[in-house]
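Comments concern the structure below.
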Amino acid sequence: MSSMQTFNAIILCAFLVLIPSGSYAAGDLLDAQSLAYDPAVPTLKDVLGYAYGERISSHQQIVGYSQALARSNPERMKLIEYATSWEGRKLYYIIISAADNIAALAQHQQAIQKLAQPEALTEAETTRLIKTLPATAWLAYGVHGDEVSSSDAALHTAYHLLASENDPLVDKILKDTLVFIDPLQNPDGHDRFVNHFRLNRGLHADDYPQAAERVQQWPGSRTNHYFFDLNRDWFAMTQPETKGRIRILQEWYPLTFVDFHEMELNSTYFFPPTAAPVNPWLSAQQVASFYLFGKNNAAWFDRYGIDYYTREIFDYFYPGYGDSWPGYYGSIGMTYEQASVRGLIAKRRDGTLLTFRQSIQHHFIASLATLETAADNRVKLYEDFVNYRRSAIEQGKKGVRNYILPLRGDTSLVHKLAGLLSSQGIIVKQSDKPFSACGDFPAGSYVIPLDQPAHRLIRVLLDESVEMEADFIKEQERRRATWVGHELYDVTAWSIPLMFNIDAVPCSRKISTDLAVVANFKIHGQMSNPDAKVAFIVPWGTNAAGRFLTAALQANLQILSNDKSFTLAATEFPAGSLIFKVADNPIDLVQMLQGIAQSTGADVIGTDTSWVANGINFGSDFVIKFKPIRIAMLWNSPTLAYSAGATRFVLEQQFDYPVTVIPTSQIPGADLSQIDVLIMPSGKYNMKLLEAKLYNWVVEGGTLIALEKAVSSVSATRLLDIKEEYLAATDAEGDKNNDKSNNAREKIAKGSILASRDDYLAAIKPEKEKPDSVPGVLLRAEVDRDHWLSSGLPDTVNVLFRGDRIYTPITLDKGINVLTYPAADELLASGYLWEENREQIAFKPLVVTQQHKKGIVIAFTSSPTTRAYQDGLNLLFLNAVFRGPAHTY
């Protein structure tokens, strides 16, 4: 039988052999002929010309069919736009319910908002609302672009709810539930996969697992336009898709939120209860509800003979997942995972075939089961929601009662953090005068009271560390010792103040100063002394000043900058400040600077003299001149797409500066004389193709910036056969305990005695071993104040460390270690770090520089742009990108 014949046979009969029980007693649940459906509601085939499982629907087709359903049932369905992707695709969500519920949407929403603020309600009013409100269930599909079955399942779920006739379950769901369906959370990545599949498909759908139609080329389709994993972005809110979702969830506070995914082909289906670790800020009621939903899901899957698993792999610790963030307003957030076909049909290791249609059906069944649970437990879920938010308020009245964000340091990031919290439903207040409480704080400082419904979210985002259970940690150490591998799924540290390198002061005292709730966090920079005759200066040290620099460069203004601090007219200007001399710039300089200050939030100070009281003068050799630069970045394989995308995003979207991306394969023949800065994202490069070109470009004045794994590439290959000459003379280290040589072992091993289990564990360790990989922690790094790369930085910064790359310090005759990690006992800022890694990382470099004649190489052993949420490292990165070329010649 051919692949196509096999595929058609499975499409026709895969589910006819099942003998299900209950209201759906026979047939394929995707077959409009097997159930009683209203012919007035258009089927997928009516609108798009194909049945479920025959094709993978594109974003345009998903929207088109959703619009057709909405037109056919305006009294029971609403289709609402909530965001626009980077590539201009609209994101929509669907609301489906009984006609009277849809007619009363505004009243229901108003009542839900009241329940979300339970402290303002009487018990009687709370009880009345809980008893009368329909449940709210949010089904979110397709956050990863190449996990395509869930979006077609979303369409069939919507159709089934609208078209089913004489179906008691559907009638109950519609009567007791507002069903929210987000059919496609990542349209840019989704269409990237659809286009790839259509381009590579041959005469028939191919079941070979490594067929081109399912094996994606760089950058893959999982991510959005800027290669962000949208399932890690929830609290950071860097992407428009995430921002839209956060906003609409706070309009409805759905009681349950399900994020539908796909996983490895040879797996089955996952739904909660989750694996350990579970974030301790999740309530016991929420954990219990995982079992409530899981047991009903299991009953449905058993009914249809579908294999599944629970309590493995997928944990609930990191708050940036799509399932976890809703949990911190009181929802039951869950991830569902279906084995992925990545096409229309695929052969598993055991020889069985999995089809796209089966995948759609599995997600559809899970959707129905979830809606049934929500409808059956409507009152309980509302009671749990209200109790969650009430208990949060009570928790906030004990112990730590406030977080204070002092308006100091990088004040632009203080404002940004306050706004980020507010956008996630957290009440943020501000004082317009100085005050004292757990310290002295300047006017403009923010206060976040903890006696509010978002208490747990505040603690999750602002606490320096969130601890995992001791038993779980003990088990991970046991597994590592036996090389089984740890079970940590993502980073163990994410404290936003630490990643922003700003203070967040926990305070257990009552704050007596007058505070006002803040809603607008847009800050406009001010100009003092606009009639200044000599110069205007923008103090360095804030992200706002960084945005000012990039805007001024693109406006072709002439900019000087100091590598050392100076004091002018009693004001101290830190290293890195931007100096705009009146004589060097256009006649409308003041108006241009005022406009940039307004848009960036940076302040500008005018001066009528260049005489300094302390420090360097404007004419010093320690004053550089910025030049307009072209930034290029290596692109395509072998760069890691996450690293390339985040780095490009930081420059283009956070600092509005264009980046030229060059496919790595084009570098040997490219004219690099037009490039001032070349960034190598993390990746494993073939330096035999690149080294001569890059070295010749650097020595002629280029600035080469290598991130993470790229550091190994620029440090591993000798340049042009010059003995001991490397682009970056630092090496990735092996295990600190490995002192064995690289010589081949003798054929007959030397006899040994293993007197203890410790001896046994030592005996089975490989001879050549790297340090254990770290899932993700925040480490402290100390700054060399004498180097220009440190301009505007505090004495210590925090950086996200992941992986197993630890590098040797560069020797003084080769370069400078500009940022280094401190001693082992001072190293960890947040998260869980293996002890041997802690010892080995101590005093190793985070950033090294090496001069090569006219040019320079700057190596970041951990990337400052990861996930674009380490805003506290943005100035360091900007110093490398923009000050680097100013120090070449």
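The values are calculated or read from the model by the stated rules, or taken from the named source; none is laboratory data. Quick caveat, the model's predicted, so the values are computed rather than measured. Glycine also receives a Cβ, built like all others from the backbone with ideal geometry; neighbour counts cover every protein chain displayed. All accessible areas refer to the heavy atoms of the entire protein, side chains included, with ligands and DNA or RNA removed. Shrake-Rupley method; radii C 1.70, N 1.55, O 1.52, S 1.80 Å.
When the listed pairs LYS416/LYS581; LYS625/LYS709; LYS416/LYS684; LYS397/LYS522; LYS131/LYS175 are checked against a 23 Å cut-off, the alpha-carbon distance exceeds it for LYS416/LYS581; LYS625/LYS709; LYS416/LYS684; LYS397/LYS522. If you take all other residues with their beta carbon under 14 Å from the beta carbon of PRO209, and give Lys and Arg +1 and Asp and Glu -1, the sum is 0. Diffusion coefficient of the chain by Stokes-Einstein, Kirkwood radius over Cα pairs, 25 °C, 0.890 mPa s: 82 µm²/s.
Helices that extend 27 Å or more along their long axis by alpha-carbon positions and average at least -1.0 on the Kyte-Doolittle scale are, among the DSSP H runs of the chain, 284-303, 356-376.
Legend: P(r) of the stretch 581-633 from all alpha carbon pair distances, 10 Å bins from 0, whole percents, reading 17, 37, 39, 6, 0.
Note that the stretch 261-335 carries a Kirkwood radius of 12.9 Å, evaluated over its alpha carbons pair by pair. Beta bridges per DSSP, both residues in the chain: antiparallel share near 65 percent. Once a ≥ b ≥ c are taken as the square roots of the eigenvalues of the Cα gyration tensor of the stretch 35-192, is the result rounded (a/c under 1.5), prolate (a/b larger than b/c) or oblate (a/b not larger than b/c)? Oblate is the answer for the stretch 35-192, as a/c is 1.5 or above yet b/c matches or exceeds a/b. When HIS196, HIS225, HIS363 are compared by accessible area at a 1.4 angstrom probe, the order from most to least is HIS225, HIS196, HIS363. Remark on the stretch 515-668: ratio of C-alpha radius of gyration to 2.2 N^0.38 Å is 1.21.
Shape class for the stretch 489-539, computed from the alpha carbon gyration tensor (a ≥ b ≥ c): oblate, with a/c not under 1.5 and a/b at or below b/c.
Among the GluC sites (Glu not before Pro) in the stretch 762-822, those placed in a DSSP loop whose Cβ has at most 15 other Cβ atoms within 10 Å are GLU767, GLU769. Of ASP152, ASP350, the residue with the largest accessible area leads and the full order is ASP350, ASP152 (1.4 Å probe). Computed over the Cα atoms of the stretch 790-889, pair by distinct pair, the Kirkwood hydrodynamic radius stands at 14.5 angstrom.
Within the stretch 164-205, all pairs of alpha-carbon atoms sorted by distance into 5 Å bins from zero give the percentages 5, 16, 13, 11, 10, 9, 12, 15, 8, 1. By the Stokes-Einstein formula, at 0.890 mPa s and 25 °C, the stretch 642-688 with its Kirkwood radius over alpha-carbon pairs has D equal to 204 µm²/s.
For the chain, with all protein chains in place and a probe radius of 1.4 Å, 50% of the accessible heavy-atom surface sits on carbon or sulfur. Please report the net charge: other residues with Cβ closer than 15 Å to the Cβ of GLU251, K and R +1, D and E -1. Every neighbour counted, the sum reads +3. Prolate is the label for the stretch 366-447, because a/c, from the alpha-carbon gyration tensor with a ≥ b ≥ c as root eigenvalues, is 1.5 or above and a/b exceeds b/c. Among the chymotrypsin sites (Phe, Trp or Tyr not before Pro) in the stretch 446-555, those placed in a DSSP loop whose Cβ has at most 14 other Cβ atoms within 10 Å are TRP483. With the whole protein complex present, TRP252 retains an accessible surface near 10 Å², based on a 1.4 Å probe.
The trypsin sites (Lys or Arg not before Pro) of the stretch 267-333 meeting both criteria, a DSSP state outside H, G, I, E and B (loop) and at most 15 other C-beta atoms within 10 angstrom of the site's C-beta, are ARG311. Sorted largest first by accessible area at a 1.4 angstrom probe radius, with every protein chain in place, the residues HIS108, HIS486 fall in the order HIS486, HIS108. Applying 1/(1 + (r/R0)^6) with r as the Cβ-Cβ distance of ALA763 and HIS524 and R0 = 51 angstrom yields a FRET efficiency of 0.15.
Solvent exposure of the chain amounts to 39 Å² per residue of accessible area, where only protein heavy atoms count and the probe is 1.4 Å. The alpha carbons of the stretch 372-417 give a radius of gyration and a Dmax of 18.2, 52 Å, in that order.
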